[in-house]
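Working notes, structure below.
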Amino acid sequence: MVNIPLDLLFITGLLFVWNLAIIHIVSKWVYDFFKKYEGVPAEYVSRKIVHIFNGGITALLVPIFYEGYYWIVIVSAFLFASYIYFRRRWRLMYWFQVKDNAYEVHFALMYGITLMIGVVLGDVWVGLIPILFMSFGDSATGLIRAFTQRRRIKSWDGTVAMIVVCSVIGYWKLGWYGVLSGVVVSFIEKIPRIDDNITVPIMTAILVYLKNFLIQ
């Protein structure tokens with residue numbers, strides 16, 4: 001039988017409530033608010049709110065509370081991916097899901113996969129930095145584009161926003177190598193017709209892992 005500390009179970013329960021509240025209450029409120037502004041893709045703004053407050057905030061808490069129990073977060077990410085996919089099939093959460101793509105499902109899947117890769121490689125940050133780039137960096141580019149371009153398009157102003165955010169995160173954990181990684185990943189995100197919820201975390205994980213060999 002798996003022995004999980006009671007305080008960790010309590011924290012995990014709170015995070016489940018937090019994540020569901022962001023999905024069903026906060027992001028829906030954001031959608032309803034921005035839907036009033038003609039041309040603003042409210043569903044994509046709402047989706048980025050989910051990425052920031054679910055993906056990003058949770059990722060920052062992982063190394064604080066879950067050392068030795070990272071598998072709980074990995075399993076939780078896959079459970080959320082399953083739930084989000086189920087809702088696409090059963091009753092679309094229109095305020096942040098769209099029929100055109102299932103990228104929000106990819107986000108949750110890659111969340112669990114990259115964290116699992118980091119755990120297997122013995123360095124949880126190999127998994128967490130890609131999640132932070134994906135959650136905060138990619139959300140910055142999406143929000144900027146939503147309000148300046150008024151449509152879902154990969155524009156340079158969004159790329160600059162992602163470079164800034166990812167560079168700050170990268171420098172925080174990896175120094176100037178992290179800044180370079182943030183720039184590289186930001187340009188990869190701009191590649192059209194490819195889901196950046198897959199390319200960004202994969203490329204970031206590779207770059208973070210290679211640091212151990214490139215910089216002594």
Query raised in the report: Can you list the aspartates and glutamates whose alpha carbon is less than 16 Å from that of Lys154, not counting same-chain residues fewer than 8 positions off?
Result: Asp138, Glu189, Asp195, Asp196
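What are the GluC sites (Glu not before Pro) within region 1-80 that DSSP puts in a loop, where the Cβ has at most 11 other Cβ atoms within 10 Å? Please report the intermediate quantities before stating the final value.
Working: sites: Glu38, Glu43, Glu67; in loops: Glu38, Glu67.
Here the sparse-neighbourhood loop sites are Glu38, Glu67.
Relative contact order of the chain, please, whole-number percent, based on alpha carbon pairs below 8 angstrom and at least 6 residues apart.
On the way: 276 pairs, mean separation 40.9, N = 216.
After rounding, I find 19 percent.
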**Report entry** Estimated vicinal HN-Hα couplings, Hz - region 161-175 in sequence order (Karplus 6.51, -1.76, 1.60; Gly, Pro = x)
**Finding:** 4, 5, 4, 4, 5, 5, 5, 5, 4, x, 5, 4, 9, 10, x
Query raised in the report: Counting Lys and Arg as +1 and Asp and Glu as -1, what is the net charge of the other residues whose Cβ lies under 14 Å from the Cβ of Ala140?
Result: +1
Query raised in the report: Just how large is the dipole of region 6-214 about the Cα centre, in debye to the nearest 20, putting +1 at every Lys and Arg Cβ and -1 at every Asp and Glu Cβ?
Result: 740
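Taken together, the values in this text are just the output of simple stated rules run on the coordinates, not laboratory data. Predicted model only: the values in this text are computed from it and were never measured. Cβ sites come from the backbone with ideal geometry, for glycine too, and all protein chains shown count toward neighbours.
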